[in-house]
Amino acid sequence: MRIGIDLGGTKIAAIALAANGDTLAFDRVGTPVGNYHATLAAIQALVVSIEAKTGRTGSVGIGIPGSISATTELVRNANSVWLIGKPLARDISTLLDRPVRIANDANCFALSESVDGAAMNDRSVFGVILGTGVGGGLALDRQVLEGANGIAGEWGHNSLPWPTLDELPGAECYCGRRGCIETFLSGPAMARDHFERTGDRLDAAAIAAGDLAGDRDAADTLSRYEERLARALAGIINIVDPDCIVLGGGVSNVARLYENIPRLWHRHVFSDHVATKLKPPRHGDAGGVRGAAWLWD
């Protein structure tokens, strides 16, 4: 049995998968925001709960909103800032009395969609998280590609490609820079763009609903978003050239993206044709937690 943990900013989810990928058990609790030791205890309690429900002991994989430094073995680059600088892998392994595997949550999402999801028939997969933040992960031959520095696929804190004059210098990012992809393509970034143009405070879901209802301002916001997303993904295609890109996170529910983005990215891809596919996730919000379980092959 494989147990996956998705350590999110507001919730921690746990799943148990059978060898064939069937779900044996699932549980979820709120994240103890700002409290590292309470976060450890919550993960331990979830594993205990899952194993009690199934009557089995399992391997444990954890997806986190950051990564583990190969040099210090401490968490880095996490927007759940109370994890930064902590020996999460060591502490969880000690609590559970077994080895654990930890990967970036976007890597877990890409792995899940590669193993038995939307891209299960593709060799190379770029998984995108478009939610509160923006993340990316790479899977090759159903294995996470971490890279020499453990940051492969970390596209959210690169600059938006080919910015227009009105996009410069870009909004401030929590990482300390301006104009990061995350500041244009996260759900809150879409909401901010809509407010700056219209004065209306709507979240990404409400903007998408407005577009479907015929709201011209909402449609214009989505058009700007799509053009920026097309540029950002074209940059990935130019470097990685994946077989498939799968979108995850709340913004991935906007159906028009899958038709419009491939029409827009052609002009930015350095090729006479683009064979890369763009797909919605098969497993929805469960992609990250399932991918964490698949860290044990």
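Could you please give the count of residues in the stretch 10-57 that are surrounded by 17 or more Cβ atoms within 10 Å (Cβ to Cβ), polar (S, T, N, Q) and farther than 18 Å from Ser93 by Cβ?
1
Among the residues of the stretch 246-280, which ones are part of a loop (DSSP other than H, G, I, E, B) and crowded, with 21+ Cβ neighbours inside 10 Å?
Gly249, Val254, Thr276
Please state which of the following conditions Ala52 fails to meet, knowing it meets all the rest: (1) assigned to a helix (DSSP H, G or I); (2) in contact with a strand residue (DSSP E or B) (Cβ under 8 Å, 6 or more places away or on another chain).
(2)
Among the residues of the stretch 134-186, write down those that are touching a Leu at 6+ places or on another chain (Cβ under 7 Å) and either exposed (fewer than 14 other Cβ atoms within 10 Å of the Cβ) or in a helix (DSSP H, G or I) (or both).
Correct list: Glu167, Phe184, Leu185.
Restricting attention to the stretch 187-223, report how many residues are assigned to a helix (DSSP H, G or I) and surrounded by fewer than 18 Cβ atoms within 10 Å (Cβ to Cβ).
15
Quick check on this structure: which one of Ser80, Ser49 is in contact (Cβ under 8 Å) with a residue 24 or more places away in the chain and out of contact with any Pro (no Cβ under 7 Å at 6 or more places or on another chain)?
The unique qualifying residue is Ser49.
Applying the selection to the stretch 4-40, what residues are within 19 Å of the chain's Cα centre (by Cα) and outside any loop (DSSP other than H, G, I, E, B)?
Those that are within 19 Å of the chain's Cα centre (by Cα) and outside any loop (DSSP other than H, G, I, E, B): Gly4, Ile5, Asp6, Leu7, Lys11, Ile12, Ala13, Ala14, Ile15, Arg28, Gly30.
Exactly one condition in (1) more than 25 Å from Ala13 (Cβ to Cβ); (2) touching a residue at least 24 places away in the same chain (Cβ under 8 Å); (3) of a type outside the set (Val, Ile, Thr) is false for Gly179; which is it?
With respect to (1) more than 25 Å from Ala13 (Cβ to Cβ); (2) touching a residue at least 24 places away in the same chain (Cβ under 8 Å); (3) of a type outside the set (Val, Ile, Thr), Gly179 is out only on (2).
Check the stretch 102-117 and report whether any residue there is closer than 18 Å to Arg192 by Cβ and at pLDDT below 95.
No.
I'm trying to understand the selection: among the residues of the stretch 58-95, which are crowded, with 17+ Cβ neighbours inside 10 Å and in a helix (DSSP H, G or I)?
Trp82, Leu83, Leu88, Ala89, Asp91, Ile92, listed by residue number.
Which of (1) closer than 30 Å to Asp27 by Cβ; (2) assigned to a helix (DSSP H, G or I) does Asp297 not meet, given it meets every other one?
With (1) closer than 30 Å to Asp27 by Cβ; (2) assigned to a helix (DSSP H, G or I) applied to Asp297, the lone miss is (2).
Can you give me the number of residues within the stretch 108-131 that are under 18 Å from Ile236 (Cα atoms), under 11 Å from the mean Cα position of the chain (by Cα) and not in a helix (DSSP H, G or I)?
5
Would you mind finding the one in Asp91, Asp97 that is more than 26 Å from Asn253 (Cα to Cα), assigned by TED's automatic domain parsing to the domain that holds Glu73 and in contact with a Leu (Cβ under 9 Å, 6 or more places away or on another chain)?
Answer to the selection: Asp91.
The values are calculated or read from the model by the stated rules, or taken from the named source; none is laboratory data. A quick note: this is a predicted structure, and the numbers were derived from the prediction, not measured. Because the Cβ atoms are built from the backbone with ideal geometry, glycine has one as well, and the counts that use them run over all protein chains shown.
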